[in-house]
Amino acid sequence: SDLVENVLVERRGRVTLVTLNRPEALNALNLATMTEVVAAVRAADADPGVGAVVLTGSAKAFAAGADIKEMASQDHLQMYRADWFRGWEDLTRVRIPVIAAVSGYALGGGCELAMMCDLIIAAENAKFGQPEINLGVIPGMGGSQRLTRAVGKAKAMDLVLTGRMIDAAEAERSGLVSRVVPTESLLEEALAVAETIASKSKPVAMMAKEAVNTAFETGLAQGVVFERRLFHSLFGTPDQMEGMAAFQEKRPAEFNQG
Ligand code: CAA
């Protein structure tokens, strides 16, 4: 395992576990943390032996937002010139699946970071919210866009305008999170999901992720054609032959995971 400064990076089988590690600030996301998280996830993406990433925080906080103390004294031109938060977008460009395992607070940029991942697994104690309005700002890491796509206008307006927190049950009802698990087994469950994903064909999992993400970025007709073309292209891969042969021979498939 490798402690950078604000994140801990560990390898667990075919999964890279990235743990936000600023407990004194409830994992508030300063720019140094952004750089380290993005570098760790990109390194995992580039590693042929890794098939999925789990991004997590502490029991008390996944992340309590962007670092307010770091932002407070910035002026408009400083924010604009630095293109503040732009670096987080690189996380959404990685090709292997990234799972957010959320315990405790996922507020503001913490909720937005979780939404940049491909799926969110929540502990029963998780709390999600976009409280920026209470600071005199609005979400700045994609919250108004990704939350609206994830949960629809009604819930997104409610959260972004009131700044209230929702618990794990409401987050699951709303479609924000994939699963809710007991708090004490969050990491175990998230790593098991990641290992399951990593046991599939890696290129096929990458295409599956690309296909689902395309639903957020294109219209239906275009997305359906994109999916169908990807589907056709899989018939040029050994994993399609292996997967379909294994089914007919009633044995487990042995996929290319590199
Ligand atoms: N930035 C910087 N420091 C933070 C922080 C943040 N977002 N959240 C918590 N901290 C710090 C606190 O200042 C405190 O530090 P000190 O001990 O030096 O005072 C430490 O973490 C522990 O926090 P609390 O004492 O406040 O812990 P609590 O249990 O009483 O409360 C909480 C927990 C309700 C999450 C509270 O910390 C809180 O409201 N945090 C801010 C949440 C927030 O507004 N997030 C949005 C940030 S703006 C944003 O994210 C913009 C964007 O769209 C990207």
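The values are calculated or read from the model by the stated rules, or taken from the named source; none is laboratory data. Keep in mind that what you see is a predicted model, and the values were worked out from it rather than measured. We place every Cβ from the backbone using ideal geometry, glycine too, and count neighbours over all the protein chains shown. Protein only, heavy atoms only, side chains kept; ligands, DNA and RNA dropped before computing areas. Shrake-Rupley method; radii C 1.70, N 1.55, O 1.52, S 1.80 Å.
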Q) Is it fair to say Gly142 is small (Gly, Ala, Ser), within 14 Å of the ligand (Cβ to nearest atom), touching a helix residue (DSSP H, G or I) at 6+ places or on another chain (Cβ under 6 Å) and open to solvent by 10 Å² or more (accessible area, probe 1.4 Å)? A) yes
By residue number, the members of the range 108-133 that are open to solvent by 20 Å² or more (accessible area, probe 1.4 Å) and of a type in the set (A, V, I, L, M, F, W, C) are Met115, Leu119, Ile133
Taking the range 163-217 and keeping residues part of a loop (DSSP other than H, G, I, E, B), closer than 30 Å to Glu132 by Cα and not aliphatic (A, V, I, L, M) leaves Gly163, Arg164, Gly175, Ser178, Pro182, Phe216, Glu217
Regarding Ala64, is this residue within 13 Å of the ligand (Cβ to nearest atom) and of a type outside the set (S, T, N, Q)? yes
In the range 1-20, residues that are away from the ligand (no atom under 13 Å from the Cβ) and in contact (Cβ under 8 Å) with a residue 24 or more places away in the chain total 13
The one condition Val53 fails out of (1) away from the ligand (no atom under 12 Å from the Cβ); (2) in contact with a Gly (Cβ under 6 Å, 6 or more places away or on another chain); (3) open to solvent by less than 40 Å² (accessible area, probe 1.4 Å) is (2)
Discussion item. Suppose the filter is within 15 Å of the ligand (Cβ to nearest atom) and without any contact (Cβ under 8 Å) to a residue 24 or more places away in the chain; does Ala72 pass it?
Written reply: yes
